[in-house]
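Enquirer: Just passing along the structure, written as structure tokens.
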Amino acid sequence: MNEIFYEAIKDTSTKVFAEVQKAYSCRLHFHRAFELAYILDGQAQYEIEEEKFVADTDHIVFSHCYYRHRSFDNIPHKKIVIAIPENMSYDIATLFKSTTLPALLPDKKLNKTLLPYFEALLKSDECTPEILIKGYINLIFGTLASHYANISIAPTNKNISVIVNILDYIDKHATESITLDSISQRFGYNKSYFSRIFNEYVGVSLCNYINLVRFNHFEANLKKNKDKSITEQIFEAGFQSVSTFYRVKELKKRG
């Protein structure tokens with residue numbers, strides 16, 4: 001079994017991922033979302049790319065998009081974890097196009113000034129205006145970027161680079177017809193090998209992942225196209241049937 005996996009839950013959503021975790025342990029993984037963890041209490045052990053370290057109370061841990069990372073539960077701790085989806089990370093991606101922040105951000109005094117924004121993102125819900133959520137995100141990253149020295153981005157693992165290219169392609173073409181045959185041929189693999197590698201890294205089938213991306217397209221366009229019927233927008237998002245759309249909607253509800 002591959003020791004690295006793609007954590008799709010952080011990317012197949014248009015909403016900020018925010019939760020409190022207690023002594024949370026996970027396998028080495030990656031995702032497109034930029035991720036921050038604010039250590040509220042205790043110490044948290046991390047591995048990000050080739051770097052291993054222990055983060056103390058009021059330290060912030062940063063993982064750049066696509067960086068391989070994991071946390072361990074061998075030390076008692078409590079933290080707020082924030083992951084910013086692609087649709088809300090344009091400013092961050094522009095800011096860190098060729099550089100990144102250090103994985104460990106240890107200035108406790110500065111970090112404490114940002115804790116209210118972490119807590120605000122944690123409390124945000126469907127009624128919170130998107131502009132306010134983006135404001136909290138930009139305040140956090142703008143402050144961190146102006147205080148901590150930027151460093152060079154680590155080279156991307158070859159296999160992850162391939163998966164990233166595949167995911168980017170799906171994002172751009174999800175509203176079109178994508179089949180296992182067509183996409184495996186495009187990337188130069190036989191379909192059985194492509195299917196195995198995709199499942200191994202992404203953790204869901206190609207078909208399910210494409211439909212999750214289509215659902216995101218549907219959600220993103222729903223408010224913009226109020227003059228169109230729901231059914232019309234379902235098909236414009238790339239779904240082949242209304243029943244498939246509602247199956248995916250139920251799947252997302254269950255998380």
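Read-outs throughout are calculated quantities, based only on the coordinates presented, and are distinct from any laboratory measurement. Since the model is a prediction, treat every value here as computed from it, not as a measurement. Cβ atoms come from the backbone with ideal geometry, glycine included; neighbour counts cover every protein chain shown.
Enquirer: Under a point spin-label approximation (7 Å from Cα along Cα-to-Cβ), what is the Lys15-His147 distance to one decimal in nm?
Expert: 2.9
Enquirer: Oh, and also: Go through (1) 32, 23, 16; (2) 77, 23, 18; (3) 27, 20, 19 and flag the label whose value is the computed semi-axes √(5λ) of the Cα gyration tensor in Å for this structure.
Expert: Structure-derived value, by its label: (1).
Enquirer: Using helices alone, I'd like the mean residue ellipticity at 222 nm for the chain: each DSSP H run of four-plus residues gives -39500 (n - 2.57), total over residue count, nearest 500.
Expert: Calculated mean residue ellipticity at 222 nm is -13500 deg cm²/dmol.
Enquirer: If I take every Cα pair under 8 Å that is 6 or more residues apart in the chain, average their sequence separation and divide by the length, what percent do I get for the relative contact order?
Expert: Across the chain, relative contact order equals 19 percent.
Enquirer: OK, next. What FRET efficiency would be calculated for the residue pair Ser177, Arg27, taking the C-beta separation as r and a Förster radius of 30 Å, to the nearest 0.05?
Expert: With a Förster radius of 30 Å, E is 0.35.
Enquirer: Looking at the chain, what % of its DSSP beta bridges pair antiparallel, to the nearest 5?
Expert: Once the DSSP bridges in the chain are tallied, antiparallel ones form about 95 percent.
Enquirer: How much length would be gained if the chain were fully extended between Phe235 and Glu51, taking 0.36 nm per residue of separation minus their Cα-Cα distance, in nm to one decimal?
Expert: Stretched out fully, the Phe235 to Glu51 stretch lengthens by 61.7 nm.
Enquirer: Rounded, prolate or oblate: which fits the range 5-152, taking a ≥ b ≥ c as square roots of the Cα gyration tensor eigenvalues, rounded meaning a/c under 1.5, else prolate when a/b beats b/c?
Expert: Rounded is the answer for the range 5-152, as its axis ratio a/c remains below 1.5.
Enquirer: Where in the chain lies the longest segment free of trypsin sites (Lys or Arg not before Pro) that are both loop residues by DSSP (not H, G, I, E, B) and have at most 11 other Cβ atoms within 10 Å?
Expert: Answer from the scan: 98-222.
Enquirer: Consider a paramagnetic label point 7 Å from the Cα of Leu115 along Cα→Cβ; state which residues of the range 68-97 have an amide N under 13 Å from it.
Expert: 78-80
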